[in-house]
Amino acid sequence: MPDSFTVRRLSTHARAIDITGDLTASSEDLLMDAYDRASDDGVRAIVLSFAALQYMNSGGIGLLVTLLVRARRRDQQLLAFGLSEHYRQIFDLTRLDEAIGIHENEADAIAAARSS
């Protein structure tokens, strides 16, 4: 399965980025392009779907930190769902779970985006 980052419209103020395949340092251009496409005027929340993630390393974690910085500069909230238990533990260890809202499923992430 090739790596891809697909942007979907969830609502007027929220977009999703579906992460498919691997998230590593070599994903930077694709991920940042997807973020730019997702960040239309008025978008207040970006929901990251990890449901089709196959592998993520420290370079991928670094990209998430970069994405978080960009989102904060635009006053956007980052939310996520579809993380395996392994990657939930990594988010906990790196404290990314304190900055990125982790949800059980897409519906919960969308509800959180609406309340932001």
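Quick notes on this one:
- Segment Arg74-Ser58, length gained on full extension (0.36 nm per residue, minus Cα span): 3.3 nm
- Length available on full extension from Ala51 to Glu85: 0.36 nm per residue minus the Cα-Cα distance, which gives 11.1 nm.
- Evaluated at q = 0.14 Å⁻¹: base-10 log I(q)/I(0), Debye formula over Cα of the chain: -0.49
- A simple packing score, the average count of other Cβ atoms within 10 Å per residue, orders the peptides 63-72, 3-12 as 63-72, 3-12, with the highest score first.
- Taking region 4-114 and dividing mean pair separation by its residue count, relative contact order in percent (alpha carbons under 8 Å, at least six apart): 26
Every number in this text was worked out from the coordinates using simple rules, so none of it is lab data. Keep in mind that this is a model prediction, so the values were computed, not measured. Cβ atoms come from the backbone with ideal geometry, glycine included; neighbour counts cover every protein chain shown.
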